[in-house]
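The values are calculated or read from the model by the stated rules, or taken from the named source; none is laboratory data. Because the structure is a prediction, the values reported are computed rather than measured. So basically every Cβ, Gly included, is an ideal-geometry build from the backbone, and we count neighbours across all protein chains shown. Calculation scope for accessible area: heavy atoms of the full protein, side chains included, ligands and nucleic acids excluded. Shrake-Rupley method; radii C 1.70, N 1.55, O 1.52, S 1.80 Å.
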Amino acid sequence: MTTAPLYYAALCQVDAPNPATRRDMRRNTDRMLTLMENAVAGYRPFHDVRLVIFPEFAHAAPVYPRVEELREHLALPADNEEIALIAAKARELGCYVQTGSFIEADPDHPDALFNTTLLISPDGATLSRYRKVNPWIPWEVHASPHDIADYPDDPFPVVETEIGRLGVATCYDWLFPEVTRELALKGCEVMIRISAYMDPCGATPPTDWW
């Protein structure tokens, strides 16, 4: 087991209009940069904030019903300008960042889009890429790694860092015990969950469903 130093994690919630185009994403990114600064630099006299976490769809949510529209208006490669700004701020502040998710297009899988979050190191490097394994069908039309024949990457990456072995899953993934089991079997010590809903206990149905 990794012996990690005592540190704090900042779980940052965002409340911003959802971008309709890639150009509109900068507004959300600028807000996240401010939250990073407030969390790490602002709390430095009191707490050592080493990990900053943003929620699912903090960069952009799948507001279009078809993959073709998402690809046209919102999809980005994993190496994009919004993530570059987050990475630069991580270097400045010396913290790890679990980015808010975005709609990812990958030329290696041209027919698919993914709901993707990245783990960024304090030197600005991308340590892991997690693509949501269980999309919330039928509302989410992006793909799961399990939809890709002979998918070459580890769908449940766990990264060893100086603050522990970090793994992540996204929203609906948490309702499937296989996800947390996979992370645990790989030695995950800090299980990060990014989510687009506010129910801390699970997908609780409204009372009028009962």
(request) Check Arg91 against each of (1) under 21 Å from Ser195 (Cα atoms); (2) assigned to a helix (DSSP H, G or I) and name the one condition it does not meet. (result) (1)
(request) Only residues in the range 115-134 that are closer than 27 Å to Arg71 by Cβ count as the first member; pair them with residues that are modelled with pLDDT under 95 and among the aromatic types (Phe, Trp, Tyr), Cβ under 6 angstrom, at least 6 apart or cross-chain, and list the lot. (result) Asn134/Tyr172; Asn134/Phe176
(message) Here's a check for you: in the range 94-114, which residue that is touching a helix residue (DSSP H, G or I) at 6+ places or on another chain (Cβ under 8 Å) and assigned to a strand (DSSP E or B) is nearest to Thr29 (Cα to Cα)?
(response) Phe102
(request) May I ask you to say which residue of Pro55, Pro45, Pro62 is in a loop (DSSP other than H, G, I, E, B) and in contact with an Asp or Glu (Cβ under 7 Å, 6 or more places away or on another chain)? (result) Pro62
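Filter the range 158-178 down to the residues that are among the β-branched types (Val, Ile, Thr) and within 22 Å of Ala61 (Cα to Cα) and list them by number. Steps first, please.
Taking the range 158-178 first, the residues among the β-branched types (Val, Ile, Thr) are 158-159, 161, 163, 168, 170.
Of everything in the range 158-178, those that are among the β-branched types (Val, Ile, Thr) and within 22 Å of Ala61 (Cα to Cα) turn out to be Val168, Thr170.
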(request) Quickly run through the range 122-132 and pick out the residues that are under 17 Å from the mean Cα position of the chain (by Cα), open to solvent by 10 Å² or more (accessible area, probe 1.4 Å) and on the phi < 0 side of the Ramachandran plot. (result) Pro122, Ala125, Thr126, Leu127, Ser128, Arg129
(message) Cβ-Cβ under 6 Å, sequence separation 6+ or interchain: first residue in the range 65-93 and without any contact (Cβ under 8 Å) to a residue 12 or more places away in the chain, partner part of a helix (DSSP H, G or I). Which pairs?
(response) none
(message) Out of Leu51, Leu35, I need the residue that is in contact (Cβ under 8 Å) with a residue 12 or more places away in the chain and either surrounded by fewer than 21 Cβ atoms within 10 Å (Cβ to Cβ) or on the phi > 0 side of the Ramachandran plot (or both). Which one?
(response) Leu35
(request) Go through the residues of the range 165-176 one by one and say whether even a single one is open to solvent by 20 Å² or more (accessible area, probe 1.4 Å), of a type outside the set (Phe, Trp, Tyr) and within 24 Å of Asp106 (Cβ to Cβ). (result) no
(request) Quickly run through the range 94-107 and pick out the residues that are open to solvent by 20 Å² or more (accessible area, probe 1.4 Å) and either in contact (Cβ under 8 Å) with a residue 40 or more places away in the chain or under 21 Å from Val49 (Cα atoms) (or both). (result) Gly94
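Residues that are free of Cβ contacts under 8 Å to residues at least 12 places away in the same chain and farther than 20 Å from Arg131 by Cβ: does the range 7-20 have at least one? Lay out the reasoning, then the answer.
First, pick out the residues of the range 7-20 that are free of Cβ contacts under 8 Å to residues at least 12 places away in the same chain: 15, 17.
If we keep only those that are farther than 20 Å from Arg131 by Cβ as well, we get 15, 17.
Yes.
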(request) Could you tell me which numbered condition Pro77 fails, if it satisfies all but one of (1) over 25 Å from Tyr7 (Cα atoms); (2) of a type outside the set (Lys, Arg); (3) over 16 Å from the mean Cα position of the chain (by Cα); (4) open to solvent by 50 Å² or more (accessible area, probe 1.4 Å)? (result) (3)
